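What follows is calculated from the coordinates using simple rules that are stated; it is not laboratory data. A quick note: this is a predicted structure, and the numbers were derived from the prediction, not measured. Please note: Cβ atoms are built from the backbone with ideal geometry, for glycine as well, and neighbour counts cover all protein chains shown.
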Amino acid sequence: MKQGTLQSGVYLLWIIFAIIFCAGAIGLKVGTPAHPGPGFMPFLVGIFLGGISLLTLFRALRARPKTASGNVTELFALGKLRKPAVMCGAVFGYALLLPSLGYLPSTFALMLGLFKGLAAQRWSVAIIAALLAVILSYYIFVVWLGCQVPSLPNFMVT
Amino acid sequence: MDFLAQAFSGFSIAFEPINLVYCFIGAILGTLIGVLPGIGPTATIALLLPITFRLSPVEATIMISGIYYGAMYGGSTTSILVNIPGEAASVITCIDGYEMAKKGRAGPALGIAAFGSFIGGTVSVIGVMLLAAPLAAVAVKFGSPEYFSIMCLGLTLIIYLAQKDLLKSLIMAGFGLAMGSVGIDLVTGEPRFGLGIIELNEGVGLVPLLMGLFGISEVALNLEKEIQREFVTTKIKNLLPSLKDWMDSKMAIIRGSVIGFFLGILPGGGAVIASFVAYALEKKFSKHPDKFGTGVIEGVAAPETANNAASSGSFIPLFALGIPANVVMALLLSCLMVHGMQPGPTLIKMHPDLFWGTVASMYIGNVMCLVFNLPMIGIWVQLLRVSYKILFPLIVLFCSIGVYSTNNTVFDIYVMLFFGVFGYIFRKLEYEFAPLILAFILGPMMETALRQSLILSKGSFLIFFKRPIAAVPLVITLAILLLAAIPMMKKARRKMAEAAEED
């Protein structure tokens, strides 16, 4: 897929977003200029966003395809997406585990996963780095700053 | 005399041991992140915002200020030694700085960058002391129409000065305004666009949004590639510039200070623009413009002086008007609001300790940066060798726990992830996020000002043009948009003509 096609698709998505946003604003009650309601500014924003997106879509459709245009498969190649996807997956897993497992185990798991899985460090380096990261962050956020975060798993806390 | 008394009081606050500590932490941290490519002052301040919420307002402001101007000092080190800008405002320094380093003149380049930064920063701080309070006194007369107009101008300037596509920046601004609408309506108390999620009734969190856009998406992009760094391996010597270096740089430093200060005040201006303009102007005034790009010391002195001057100058609109001039000031604004401070022209009067303490600490911080930067060059060079494979897990962790600690809810981590993916995709599609951030923060303020103005005028939009202080920024805004639209229309017409000819 050419990049120009992707860009046009994205502008179309913006237009759809703007339409939905305007519809939401109308649902909130736009009011009148003399008595602007909660939907007044969102409605104006939706019109603005939709108008600009339409303009950019029009421009993109009229643009001549360049002979050496960027290819979207290069931009979003699976090989390039793998590491970012794994990183996001690790953070998502961290968010799932944090409330039940507590800060210390889940943070250690996250750090070990990132140091070993993505950064490809040796096991010894990954474990030591993960432990140091957990201790440092625990000290900064929980001890020094007093953040309220469950440190241990629920079943270990009486 | 009152001015002197207040300045003296500011120094007494700045010299309190705890404030000195936070000034030092901010300055060193700022220099460190300025040195390290891949993370800039905006992302760092965003990462540290949850921490600053737990400090006093003065401590938080001093630390954030220190990070901002410290980053300007640190950015020159990587630009000169590695030809990779440590942060955006040091991009232009790469051109002549690295060439000087290749010729064995890394020392004088680093030295003049540090001294120029100090002079520019100091001149700018004096300007802040002299201008902010009188401007605030004038701004007390501003009403909702004036504020709406000035905020429109600020947002438009950020969009216009965007490095990439103007229309895409407008889309980002629109999206930022839309995100700013999420949450409880301040006037009616009605929930808006919450999608039935309780956490969204308080709006989209600034911290998750920033961490996602600048932290997670930046890491995701950097993970795709191996960052190759070519170091200048010759020994760094003669950090103190020679008399000839000073004579060659003096006008660049003077001009850079003035340009940087005034561009810093301008909403939408800032350190990046200031560094580019100062370099271009210096080349124009130079007796040997053809030598720029080959390693002339003025090519380092001008941008480095200007970016520091701009970073300090940008505090004026924030303290005097309550309007952030750039994204970093917008973050500081949100920090002040979390601490219950009402940004605006009365801020200086109601919280003189905050203003004068911060300004005084900026003097002290500039001295700290100068004193520590040059002797610590060796340490910064070693830090540059730290692999990104060690850094990125720590960045991810700080993002995640920082976001969680704001409201003690994992929902914010999911929001951060959403914006991380959003940021990753749209960076690849060459969108800029500065308009999004500024619109997100200014949006609620603009909406309040707009609604109040319209209620005042019984629905007439002419109120913005009938009041002179409101009319001027709005007319400038429209002129800027027209100025941007005309070349685009000409280009489109030319393309249509070409297409018709070929058909």
Exercise. Could you please tell me the mean projected area of the C-alpha convex hull for chain B, averaged over all directions and given in square nanometres to one decimal?
Key: 26.8 nm²
Quiz item: What average count of beta carbons from other chains do you get within 10 Å of the Cβ of residues in A:88-95?
Solution: 6
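Under the definition of partner shielding as Cβ atoms of other protein chains within 10 Å of a residue Cβ, what is the mean value for peptide A:39-49?
6
Chain A: percent of C-alpha pairs farther apart than 21 Å?
68 percent
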Quiz prompt | For chain A: relative contact order, % (alpha-carbon pairs under 8 angstrom, 6 or more apart) | solution = 20 percent
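Taking Rh as the Kirkwood radius computed over C-alpha pairs, what is the Stokes-Einstein D of the stretch B:82-203 at 37 °C in a medium of viscosity 0.692 mPa s, expressed in µm² per second? Intermediate results must be reported in sequence, preceding the final value.
Numbers: Rh = 19.5 Å.
Once the numbers are plugged in, D ends up at 169 µm²/s.
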Exercise. Mind checking which of B:370, B:179, B:424 is farthest towards the positive end of chain B's charge dipole, using Cβ charges of +1 (Lys, Arg) and -1 (Asp, Glu) about the Cα centre?
Key: B:370
Quiz item: For the stretch A:78-156, taking Cα atoms only, what is the radius of gyration to one decimal and the Dmax to the nearest whole Å?
Solution: 13.5, 42
Quiz item: Roughly how many nanometres apart are two label points built 7 Å out from the Cα toward the Cβ at residue B:287 and residue A:5?
Solution: 6.1 nm
Quiz item: Relative to the Cα centre, what is the charge dipole magnitude of the stretch B:148-220, using +1 at the beta carbon of each Lys and Arg, -1 at the beta carbon of each Asp and Glu, and rounding to the nearest 20 debye?
Solution: 260 debye
Quiz item: Of B:260, B:446, B:197, which is farthest on the positive side of the dipole of chain B, counting Cα position, with +1 on Lys and Arg Cβ, -1 on Asp and Glu Cβ, and the Cα centre as origin?
Solution: B:260
Self-check item: Acute angle (nearest 10 degrees) that the helix A:123-137 long axis makes with the longest principal axis of chain A, alpha-carbon atoms
Solution: 80 degrees
Quiz item: Any idea what the relative contact order of the stretch A:78-156 is, in percent, if you count C-alpha pairs under 8 Å spaced at least 6 apart?
Solution: 36 percent
Quiz item: What is the spin-label model distance, in nm, from residue B:198 to residue B:383 if the labels are put 7 Å beyond Cα along the C-beta direction?
Solution: 4.3 nm
Self-check item: Above-threshold pairs, the threshold being 25 Å between Cα atoms, out of B:103/B:287; A:29/B:168; B:225/B:291; B:225/B:428
Solution: A:29/B:168; B:225/B:291
Quiz item: For the stretch B:10-107, what is the largest minus smallest coordinate of the Cα atoms on each principal axis, given in angstrom and ordered from greatest to least?
Solution: 46, 26, 14
Practice problem: Provide the gained length on full extension for the span residue B:250 to residue B:475, in nm with one decimal, where the gain is 0.36 nm per separating residue minus the Cα-Cα distance. | Solution: 77.2 nm
Quiz item: Counting partner chain Cβ atoms within 10 Å of every residue's Cβ in B:165-176, what's the average?
Solution: 5
Practice problem: Could you tell me how many degrees, from 0 to 90 and to the nearest 10, lie between the Cα long axis of helix A:40-62 and the main elongation axis, the longest principal axis, of the Cα atoms of chain A? | Solution: 80 degrees
Exercise. Order the peptides B:186-192, B:102-108 from the highest to the lowest mean number of other Cβ atoms within 10 Å of their residues.
Key: B:102-108, B:186-192
Exercise. Select from A:33, A:84, A:99 the residue whose mean-square fluctuation is largest in a Gaussian network model of chain A (Cα-Cα springs shorter than 10 Å).
Key: A:33
Quiz item: Which of the listed residues, A:41, A:108, A:120, is farthest toward the dipole's positive end in chain A, when Lys, Arg count +1 and Asp, Glu count -1 at the beta-carbon?
Solution: A:120
Self-check item: Over 34 Å [Cα-Cα, the protein assembly as shown], rounded percent
Solution: 47 percent
Self-check item: Longest segment of chain B lacking GluC sites (Glu not before Pro) that sit in a DSSP loop with at most 14 other Cβ atoms within 10 Å
Solution: B:1-225
Quiz item: Hey, what angle do you get for helix A:78-101 against the long axis of chain A, alpha-carbon based, 0 to 90 degrees rounded to 10?
Solution: 60 degrees
Quiz item: Setting aside same-chain residues fewer than 8 positions from residue B:466, which lysines have a Cα under 22 Å from its Cα?
Solution: B:141, B:458
Practice problem: Determine the dipole magnitude for the protein assembly as shown: charges of +1 sit on the beta-carbon of Lys and Arg, -1 on that of Asp and Glu, nothing else is charged, the reference point is the Cα centre, and the result goes in debye to the nearest 20. | Solution: 1280 debye
Practice problem: With no solvent and one equal point scatterer placed on each C-alpha of the stretch B:361-461, evaluate the Debye formula and give log10 I(q)/I(0) for q = 0.10 Å⁻¹, two decimals. | Solution: -0.62
Self-check item: FRET efficiency, 1/(1 + (r/R0)^6) with R0 41 Å, evaluated for residue B:280 and residue B:390 via beta carbons
Solution: 0.60
Quiz prompt | chain B: relative contact order as a whole-number percent, Cα under 8 Å and 6+ apart | solution = 28 percent
Practice problem: Taking the Cα centre of chain A as origin, work out the dipole magnitude from +1 charges on Lys and Arg Cβ and -1 charges on Asp and Glu Cβ, in debye rounded to 20. | Solution: 640 debye
